[in-house]
Structure formats: structure tokens, C-alpha cells
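In what follows, a structure is listed as C-alpha cells, so that the remarks can point back to it.
The values are calculated or read from the model by the stated rules, or taken from the named source; none is laboratory data. These figures come from a predicted structure and were not determined experimentally. Ideal geometry is used to build each Cβ from the backbone, glycine not excepted, and the neighbour counts take in all protein chains shown. The area values use the complete protein model at the heavy-atom level, side chains included, leaving out ligands, DNA and RNA. Shrake-Rupley method; radii C 1.70, N 1.55, O 1.52, S 1.80 Å.
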Amino acid sequence: RHNITMTKTSIKSPSQPLPSQVLANLYLQLGRMEEAGIPAREALTLLSQAKGESGKRASVALSHLNRGRPLAEAGKRAGLFVGLDAEIIKVASASGTHAEIYRQLSQAYEEEARWRRKLKARLVLPLTVSGLGLFINPLPTLVAGSISIAGYLMGSVGVLLLLALVIWVLLHLPIWLRYGWLQPFHHLWDKFQMRMPSLRQWYTRRSLRDFMRALGLMLQAGLPLLEALPKAYNVIENAILRQQLQFLSTRLKAGDSFAQAFSQVKYLEPMAIQL
């Protein structure tokens, strides 16, 4: 569906979202231009002049917009707006709340980018010390002649490469189980997430944060609660947790208030219910 732009703007994977910091800057610029009264076509024209993947996708979105596509659909087709972002922007287009929605999306992605930077910074020192240890610890035995150069390299470089491979596999395993070639076994990963107490607590808190943020954005954009909930459920990747949250719609239709319905959701912390 992107063949019309392949000659000038080759996009590696439009279905994948841009990095968090890039999205934060993108929505910040869109929000400022919206507040300044700059039309969407001119805004995308300015964004298309940026270097890198964001500029390429903005150029593709502009071509779709010029063909009569709505902004949300044009951005979605180009991979500029991915996932729930496109739905939220679509609702914002109908209610005229673009500037506020862009601002909140920018804040959300800025927070995510900050968290990623902090995580990487915390990992640098222990990984560096561990890597140096692999090379330093065998040195006395190498000098003493107890091991050969090949043995030293196997015990240092070989172990380092093995550890790097293990870390790479562990980082990609959830993606493979959720979207890749291991997808037929994704239900096993869902169960594992919800049965490990520490992992469940972290994952549930993070998922509910994303769920409430998405729901809040859609409500602010003007979508009624019972229409916004099914879209917000899609933010939750874990089928077990998503099924628990879908109970909200049933209780709301039965006449419960949102707080009453929310209190029936399993795995929820009492503080969240009080809030």
C-alpha cells in the first residue's frame, strides 16, 4: 500500500512506531503548530523536511493527505501515527481538540523516553564492570602459563559473546511470543506474566497506566466512555489482564459507576481504586 512513495521515500517498517523521543518531539511540534493556527497540510510539509525516518513518514502522510485522506488515516497509512495514536487523533479531529491531545501525547512519549534513558544509564555500569571482569580475571592464569591464548579468548570473548546472545534473546523473546514466529505460544507468556508475583505487579501497574492514559485521552477528545473502553482495551497485550478489564463494560452497562466497576477488576491495587 506504500508503493506510491517507494521511489523517493523508502520506509523500512511503517507498522513499527517511531522511537519514543522522536514521537515526543513530533507531537510537540504538531501541538505548537496547531496552536499557531497552521493547517495540517502545512504542518506535515514542515515535518517532511526533517531528516531521518520521521521526515520520510511525514512526506508519505502528506501525499495521502493531498489525495483526500483525513489526517489520522494519512498518518496511519504512513506509519507516522501507529496503534491507538491514530484512533485518538481521529476522535480529536471530530471534536477539535488537536492541540491538547498533541500536548498530552508528547508528554506521554517524553516520559517513556526518559524512563528508557534512565534504564540504559543504570545498566551501563554493571555491564561494563562485568565485561571488564571477564578479561581481567583470567589474566594471572594466562601470565602464569596455565592457559593458552585460545583458552583466554574462549573464557573472555567467548563468554562475553554468549552473554550478549542470551541478553539479546531474552529481550526479543516477548516480541517473538507476542507478534513473531513464537506467537502460537503467546498464551504461555501471558500466564507466566500473571503468575510471577514481581513481574505481575510491575506489568499490571505499567499496563493499567497505559490503559488509563489512553482512556483519558479519548474521553478528553470527546469519545463517550462506552465507545472509548473497547479501544482502550487494545492497549493491553496480555489476554488475561485484558479479559479482566473488559468486565468494566459489562458492569457499566449494568448500572455501576466507573469506580464500582473498577473495584471488581482482579490484580488491582487498592490505591488505584481509591483514586
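The table for this structure:
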{"quantity": "Nearby aspartates and glutamates by direct alpha-carbon distance to residue 118 (threshold 13 angstrom, same-chain neighbours under 8 apart not counted)", "calculated": "110"}
{"quantity": "Expected 222 nm ellipticity per residue - DSSP helices of 4 or more, -39500 (n - 2.57), all of the chain, to 500", "calculated": "-22000 deg cm²/dmol"}
{"quantity": "Solvent-accessible area, 1.4 Å probe, carbon plus sulfur percent, for the stretch 236-275", "calculated": "50"}
{"quantity": "Per residue solvent-accessible surface (Å²) - the chain, probe of 1.4 Å", "calculated": "60"}
{"quantity": "Cα-centre dipole for the stretch 45-187 with unit charges at Cβ (Lys and Arg positive, Asp and Glu negative), debye to 20", "calculated": "280"}
{"quantity": "Set of lysines with alpha-carbon distance to residue 253 below 24 Å, sequence-local pairs under 8 removed", "calculated": "231, 266"}
{"quantity": "Cα-Cα pairs of the stretch 27-166 separated by more than 27 Å (percent)", "calculated": "47"}
{"quantity": "Charge-dipole axis of the stretch 31-169 as Lys and Arg at +1 and Asp and Glu at -1 on Cβ define it, positive-most pick from 154, 81, 101", "calculated": "154"}
{"quantity": "Unit charges on C-beta of K, R, D, E only; dipole of the chain, Debye", "calculated": "340"}
{"quantity": "Hypothetical label at residue 139: residues of the stretch 113-131 whose amide nitrogen lies under 15 Å (7 Å Cα-Cβ projection)", "calculated": "129-131"}
{"quantity": "Residue among 181, 40, 163 farthest towards the positive dipole end of the chain, charges placed on Cβ", "calculated": "181"}
{"quantity": "Candidate aspartates and glutamates - alpha carbon under 19 Å from residue 191, same-chain residues fewer than 8 apart omitted", "calculated": "237"}
{"quantity": "Rounded to 10°, Cα long-axis angle of helix 20-35 versus longest principal axis of the chain", "calculated": "20"}
{"quantity": "Gaussian network model of the chain, Cα within-10 Å springs - most flexible of 144, 72, 113", "calculated": "144"}
{"quantity": "Whole-number D in µm²/s for the chain (Stokes-Einstein; Kirkwood sum over Cα pairs; 20 °C, 1.002 mPa s)", "calculated": "97"}
